[in-house]
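Below is one structure, written out as structure tokens, with a few remarks after it.
Every read-out reported here was derived from the displayed coordinates using simple, explicitly stated rules and does not represent laboratory data. The model shown is predicted, which means the values in this text are computed figures rather than measured ones. Glycine gets a Cβ as well: all are built from the backbone with ideal geometry, and neighbour counts include every protein chain shown.
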Amino acid sequence: MPDTAPTLTVPARRCRECGGLFAPAQQGQEFCSVGHRHLYHNRVTKRGRQAYEAAMAWRMPDAASGKRGSPTPLSNMVDRWIAEDNQRARDYEAARSARKRKAG
Ligand SMILES: [Zn+2]
């Protein structure tokens with residue numbers, strides 16, 4: 001009989017912020033660190049505010065003209081976010097590769 005307790009192996013997950021693999025310490029953990037959880041949620045909160053303003057500017061009639069705005073600014077904003085997210089993913093990947101090369 002083994003003298004050590006069986007260890008539970010938790011499958012590695014990808015951090016929602018950096019995309020790096022990590023071993024979750026608890027069920028449902030989505031981020032590799034508290035810092036990455038904060039970065040992600042701060043960005044989502046800020047973007048939510050910006051999306052609200054853009055959506056209201058699109059759908060609320062202008063007080064003077066009575067006309068509604070255009071969805072283009074909202075659409076452009078989402079396109080910018082996607083480009084930012086893609087660039088961030090490339091930056092995190094480059095940082096991981098640099099750390100691997102440095103570690104040998
Ligand atoms: Zn991370």
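Quick one: angle between helix 34-59 and the longest Cα principal axis of the chain, in degrees between 0 and 90, rounded to 10, please.
The helix 34-59 is inclined about 20 degrees to the chain.
What value, in deg cm²/dmol to 500, does the helix sum -39500 (n - 2.57) over DSSP H runs of n ≥ 4 give at 222 nm once divided by the residues of the chain?
Roughly -20000 deg cm²/dmol at 222 nm, from the helical runs in the chain.
Helix 72-103: angle to the longest alpha-carbon principal axis of the chain, degrees 0 to 90, nearest 10?
The two axes meet at around 20 degrees.
For the chain, taking Cα atoms only, what is the radius of gyration to one decimal and the Dmax to the nearest whole Å?
Rg, Dmax (Cα atoms, Å): 21.3, 82.
About its Cα centre, what dipole magnitude does the chain give when the only charges are +1 on Lys and Arg Cβ and -1 on Asp and Glu Cβ, stated in debye to the nearest 20? Provide the component values of the computation, followed by the final result.
Numbers: 19 positive and 10 negative charges, 53 e Å.
Magnitude of the dipole: close to 260 debye.
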